[in-house]
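The values are calculated or read from the model by the stated rules, or taken from the named source; none is laboratory data. Here the structure is a predicted model, which is why all the values come from computation and not from measurement. For neighbour counting, all protein chains shown are included, and Cβ atoms are generated from backbone atoms with ideal geometry for every residue, glycine included. Accessible surface areas use protein heavy atoms only, side chains included; no ligands, DNA or RNA. Shrake-Rupley method; radii C 1.70, N 1.55, O 1.52, S 1.80 Å.
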Amino acid sequence: MECENFSSLIRLLRITAWVQRFIKKLKKDTISGPLTAKEIEDAKFMWIVHIQRKHFAKEIHDITKNKSSNIIRQLGLTIDNNGLIRCVGRIEHADISENAKRPILLPKKEAFTKLLIYSYHRNLLHVGVAQTLSQIRQKYWIPQGRSTVRHVLRTCGNCIRYEGGPYKMPLIPPLPKNRVTESSPYTYTGIDYFGPLYVKTVNGSEKVFWKVWRDDYLLSIRERTTVKLKEKRVRSNQYPQIGDIVLIKDNLPRGMWKIGKIINLSKSSDEQCRSAKVLLPSKKTLNRTLNFLYPLECHDDNVEQTDNVNNVEQNSKCETQTSSTRPQRRAATQAKQKIHEWTS
Ligand SMILES: [Zn+2]
């Protein structure tokens, strides 16, 4: 059984408890009825022992041989009567509960730990990193706990729905060519309401005008006065991809914003993506700039891009994909492999 295949801790523990009961029944145990709290607790104990043995085999060996290492000294590791590794540390004499004094050590890079963090976060009604961590520390100790909890909370669907930021916008682009080149009046705009207007050209004054425009105005607008668009909320570090499910910002309370799917990414003249075409559930499409689109899903960290160059490459790849293709489910892939193994 793999923790990665479970979406919640309680589901994992219940299924483990049912499997344990099945094994007991094979050994002629006559237990029946719904699962008891003790069975769930036993399942949790079994998982913790398993992951501690998997990740801290060297530490367990060192403690039993009375050897010392950096982590053993730092956390004051001991093994209790049940075979669990606990951190005694320096607060043994504090007036707190026994569990908080001697928390159980959990590895940070483990799916079980992530499920546990998420269950605390959900039971505490989606509180922030500090509150989740302080509750976890009543019973467990996770090395580099704050960053581990933060990482897990970033993937919480509910929190993203109500607090996530929009996509990151690239830098404001250079001014378009028609705004920085000399041209006669009404080259790019026209008024047809008043009938044709004839512009009198006086060569001498026009030359002076363009010289002043070039020297005093054009050179003064070189700087970007605003590098980024102002946005109060924290921006998402994700880059948009075709198929992303997004919330579309509107002049309404956040709970009433529409949900859509990105079906196309448009590039500006500088090859950066600043807007996207979004398909609504009603089959209508909307064009919105990225700062109006709030991603609802988290990509894998490996897919996240930190470089604008990579971003462009990523976007160009995305555009070649058709919106109808979707990644195959893992269960479907595994089933296909098994069928292939059986038939070959
Ligand atoms: Zn949450």
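Does the stretch 79-99 include one or more residues that are surrounded by fewer than 19 Cβ atoms within 10 Å (Cβ to Cβ), within 16 Å of the ligand (Cβ to nearest atom), assigned to a helix (DSSP H, G or I) and touching a residue at least 40 places away in the same chain (Cβ under 8 Å)? Within the stretch 79-99, none of the residues are surrounded by fewer than 19 Cβ atoms within 10 Å (Cβ to Cβ), within 16 Å of the ligand (Cβ to nearest atom), assigned to a helix (DSSP H, G or I) and touching a residue at least 40 places away in the same chain (Cβ under 8 Å).
Of all the residues in the stretch 141-156, those that are more than 20 Å from Lys101 (Cβ to Cβ) and either more than 16 Å from the ligand (Cβ to nearest atom) or open to solvent by 40 Å² or more (accessible area, probe 1.4 Å) (or both) number 7. Restricting to the stretch 75-94, name every residue that is at pLDDT 80 or above and either over 15 Å from Pro143 (Cα atoms) or out of contact with any Ser or Thr (no Cβ under 7 Å at 6 or more places or on another chain) (or both). Matches in the stretch 75-94: Leu75, Gly76, Leu77, Thr78, Ile79, Asp80, Asn81, Asn82, Gly83, Leu84, Ile85, Cys87. Give all pairs with beta carbons closer than 8 Å in which a residue from the stretch 250-269 that is closer than 21 Å to Pro170 by Cβ meets a residue that is charged (D, E, K, R) and modelled with pLDDT of 90 or more; count only pairs at least 6 apart in sequence or on separate chains. Cβ pairs passing all conditions: Ile262/Lys277; Ile263/Lys277; Asn264/Lys277; Leu265/Lys277; Ser266/Lys277.
Sub-8 Å Cβ pairs linking a first residue in the stretch 173-184 that is in a helix (DSSP H, G or I) to a second residue that is of a type in the set (Val, Ile, Thr), at least 6 apart or interchain, are Asn178/Thr187, ordered by first then second residue.
Among the residues making up the stretch 100-131, those that are open to solvent by less than 40 Å² (accessible area, probe 1.4 Å) and assigned to a helix (DSSP H, G or I) are Ala100, Lys101, Ala111, Phe112, Thr113, Leu115, Leu116, Ile117, Ser119, His121, Val129.
Counting residues in the stretch 28-42 that are assigned to a helix (DSSP H, G or I) and open to solvent by 100 Å² or more (accessible area, probe 1.4 Å) gives one or more. Per the conditions (1) open to solvent by 50 Å² or more (accessible area, probe 1.4 Å); (2) of a type outside the set (A, V, I, L, M, F, W, C); (3) part of a helix (DSSP H, G or I), the sole criterion not satisfied by Gln138 is (3).
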